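The values are calculated or read from the model by the stated rules, or taken from the named source; none is laboratory data. Owing to the predicted nature of the structure, the values given are computational and were not obtained by experimental measurement. A quick note on method: Cβ atoms are made from the backbone with ideal geometry, for glycine too, and the neighbour counts reach across all protein chains shown. We work out accessible area using only protein heavy atoms, side chains counted, and drop any ligands, DNA or RNA first. Shrake-Rupley method; radii C 1.70, N 1.55, O 1.52, S 1.80 Å.
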Amino acid sequence: MSEARTHIFQRLRAVPRPEVDTTGRDYVPIYDWDRAERIKRFTERMQAVRAEVHHSDRDSWLNLLADLCKAKGLTNLLVSPHTEWGQAIYQQVGEFPTLQDYDRAIEAWKHEMFYNIDASLTSTVGGIAETGSLILWPTEQEPRIMSLVPPVHFAILDTQHLYTTFAEAMQEQDWLNQGMPTNALLISGPSKSADIAQVLAYGVHGPKELVVILI
Amino acid sequence: MAKPSEFRIQVDQALGKTEVRAHFRKAMDTLMTNRRNQFPDNAELQRLRDQAQVIRANALSKLPELLEQLESNLTRNGIHVHWAETTDEANDIVLKIMQKHNATWMIKGKSMVSEEMGLNHFLESKGIEALESDLGEFIIQLDGETPSHIIMPAIHKSKEQIAQLFNEKFPDIPYTEDVDTLTRTARDILREKFYNAPVGLSGVNFAVAETGTLCLVENEGNGRMSTTIPPVHIAVTGIEKVVEKLSDIPPLLSILPRSATGQPITTYFNMISSPRKKGEKDGPEEVHLVLLDNGRSRIYSDPELLATLRCIRCGACINHCPVYVRIGGHSYGTVYPGPIGTILEPQKSGLKVHGELVQASSLCGACGEVCPVRIPIPSIINRLRYEGVRQDGGSALDAGSKRKPLEAITWKAWSWAASHPSVYNLGSTVATQVRNLVPHNLGAWTSVRTAPAVADKTLHQQLKALGVDHE
Ligand code: SF4
């Protein structure tokens, strides 16, 4: 053990510590939103930070996505063939720009990822209505960079997993007992900054566009 | 007259810059309005503040145990934990990691603790470049400046100044004042840097003991880039940033961005619990956490001053401070400006170095009212003023160092007179009689004000005339 560590702990342990009354620490639900209300709030929040939100369903999302890819003039789309959504997309290859799977470690194709990928599509593990946030737990099939480096990020959110607040999402999905993944993310809009004279600019280091498809 | 201190000189200079002052005024007004709009329901705001306070106070009351738990969980998850008592030690730890990887430069996400460490300078002296990637930090680094605000580091700069700066540093790119274009320029330059960076460094907003998770709050994505792209990630943070449970995170995340910039949430909330695992295709292979003390454990020893460590660095106290808005962030000459700097810096570096800052407050109370974790900043300022002049030891670093013999005797005499009515009455009566002899020039006080006039009758005399029996 380092000497620094020993000294720090010695000092911290040397003093009497206050008892803290922890009443009021736990989450109290303050909203009573049904699914329609959650969808409405989520959409409003996302749109307020310039994310695109499309309301769709299991029958029509594939066409919607194909149209969006065309309208945005994308030449390729990074998407895993192993997710529910990815499987459907790969069955309709002809309708989409060139599909690319993230099938190797990043080191093997970093340049392509940084400079040639136009857009990506990922699934989400849930959403938060109060703040307009997507919850992502990147996996081996859908690694971390997918929602970070490509300029356009499509995300599909199954509204069954749209929770009212972050606290509820965490509780209902039992994050604690599931064990935290390498990286868990909340994403609430495209990347932005107001560092230049407080003028809001989008697309700083992360995606310039975030497109959410609600199912 | 005594030589004015560095702080006074800087304040004087800052007050002379009318344009910058107007700029700060406008920026702070916007931030205050944005925050207010985020909390339409006052009862809910107060409940949230209570909750955030309890979470932070609880974490501090169990600090050593939580730090041990954090360390063991992080280690189990594969994250290397390092301890530093001083900023020198922390810098050395970072340097050793760099050297182990033969890294000649690093890319940085925003981190105030790295500012506290003076990391960029230190690494530079060892021939290692530390490149800032937060847009605001990038801008001030180009200009060789330090942050003037903990959340918006380049807030003192106008659009035109930034446009000129870019033009000077990147002459190949056409001059523009268009913010979108300037932002895109920075994006392109930094993308290439992220692509090549051998090491990424970041701060930490909250560290969860229960799960061994490092949480980062940001809007731009540079924090995610710095912690995802380079093969090595080094996080630096203060030992006080730990919280006990995962369920403590949502309330803190709810109140932090709303208090800071008036956003419901930041674009990214990034929770890191391990380096790249087997089978995963990206993320750093190695993650380090450097836990810095630098005076925090001394602050910890005083039950009143301890509240300082609850701070979640939202900057709301800064945005609402009537002193900060006038003198700006650089005048303080410290890493943390505004009310939080006023209480934190003298405790970290000692009252001898930064004790004067506790005078930079009108005690209006705004900081204490907006603080999301209810740090009683005005009381702590008062306490530190007392620590500065007390005679009997005290727990702040350099307690008693601000004590002046003449001032001490004057106050003693005053307190003696005030507790002896006959002396007091005699004194005040004499004062009314020599009232015209009060000089018009009372040094600094009268340089911008008229000298105070003594009344022609004492309060006692006036009350007596009104028939009030004051005894
Ligand atoms: S002292 Fe309170 S208001 Fe100021 S930065 Fe810290 S948490 Fe925010």
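A few remarks follow.
Yes/no matrix, rows are residues, columns are (1) buried (at least 16 other Cβ atoms within 10 Å of the Cβ); (2) without any contact (Cβ under 8 Å) to a residue 12 or more places away in the chain; (3) hydroxyl-bearing (Ser, Thr, Tyr):
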residue	(1), (2), (3)
B:Ala57	yes, no, no
B:Leu70	yes, no, no
B:Leu74	yes, no, no
B:Asn77	yes, no, no
B:Lys96	no, yes, no
B:Gln99	no, yes, no
B:Ile107	yes, no, no
B:His121	no, yes, no
B:Glu129	no, no, no
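- Checking A:Asp21 against (1) surrounded by 12 or more Cβ atoms within 10 Å (Cβ to Cβ); (2) over 30 Å from B:Gly279 (Cβ atoms), the condition it does not meet: (1)
- Residues being part of a loop (DSSP other than H, G, I, E, B), β-branched (Val, Ile, Thr) and more than 7 Å from every other protein chain (Cβ to nearest Cβ) - total across region A:190-215: 1
- Tally of residues being more than 10 Å from every other protein chain (Cβ to nearest Cβ), part of a loop (DSSP other than H, G, I, E, B) and under 27 Å from A:Pro150 (Cα atoms) across region B:152-197: 6
- Looking across region A:24-78, the residues that are open to solvent by less than 60 Å² (accessible area, probe 1.4 Å), touching a Pro at 6+ places or on another chain (Cβ under 8 Å) and not in a loop (DSSP other than H, G, I, E, B) come down to A:Cys69, A:Asn76, A:Leu77, A:Leu78.
- If only residues of region B:31-44 that are within 12 Å of chain A (Cβ to nearest Cβ) and free of Cβ contacts under 8 Å to residues at least 60 places away in the same chain are counted, the one that is least open to solvent (accessible area, probe 1.4 Å) is B:Glu44.
- B:Ser259 of a type in the set (Gly, Ala, Ser) and either assigned to a loop (DSSP other than H, G, I, E, B) or crowded, with 22+ Cβ neighbours inside 10 Å (or both): yes
- Residues of region B:30-88 that are touching a Pro at 6+ places or on another chain (Cβ under 7 Å) and among the hydrophobic types (A, V, I, L, M, F, W, C): B:Leu48, B:Ala52, B:Ile55, B:Ile79.
- Residue match in region A:153-171 (condition: under 21 Å from A:His55 (Cβ atoms) and facing chain B (nearest Cβ under 8 Å)): no
- Checking each residue in region B:135-151 for being within 10 Å of chain A (Cβ to nearest Cβ) and either open to solvent by 60 Å² or more (accessible area, probe 1.4 Å) or among the small types (Gly, Ala, Ser) (or both) picks out only B:Gly136.
- The single condition among (1) open to solvent by 90 Å² or more (accessible area, probe 1.4 Å); (2) touching a helix residue (DSSP H, G or I) at 6+ places or on another chain (Cβ under 8 Å) that A:Leu99 does not meet is (1).
- Pick from region B:214-256, criterion within 8 Å of another protein chain (Cβ to nearest Cβ) and over 25 Å from B:Cys371 (Cα atoms), ranking: surrounded by the most Cβ atoms within 10 Å (Cβ to Cβ): B:Asn222
- Taken residue by residue, region B:265-272 has at least one member that is within 16 Å of the ligand (Cβ to nearest atom) and either open to solvent by 10 Å² or more (accessible area, probe 1.4 Å) or in contact with a helix residue (DSSP H, G or I) (Cβ under 9 Å, 6 or more places away or on another chain) (or both).
- Qualifying residues in region B:275-313 (those that are within 7 Å of chain A (Cβ to nearest Cβ) and at positive phi) - the one nearest to the chain's Cα centre (by Cα): B:Gly283
- Looking across region B:370-392, the residues that are in contact (Cβ under 8 Å) with a residue 24 or more places away in the chain, open to solvent by 10 Å² or more (accessible area, probe 1.4 Å) and either more than 16 Å from the ligand (Cβ to nearest atom) or at positive phi (or both) come down to B:Arg374, B:Arg385.
- When region B:314-336 is filtered for residues that are in a loop (DSSP other than H, G, I, E, B), under 18 Å from B:Lys26 (Cβ atoms) and within 14 Å of the ligand (Cβ to nearest atom), the ones remaining, listed by number, are B:Gly315, B:His320, B:Cys321, B:Gly329.
- Residue that is surrounded by the fewest Cβ atoms within 10 Å (Cβ to Cβ) [pool: residues in region B:45-55 that are more than 9 Å from every other protein chain (Cβ to nearest Cβ) and without any contact (Cβ under 8 Å) to a residue 40 or more places away in the chain]: B:Gln46
- Selection status of B:Val287, buried (at least 21 other Cβ atoms within 10 Å of the Cβ), away from the ligand (no atom under 14 Å from the Cβ) and of a type outside the set (D, E, K, R): yes
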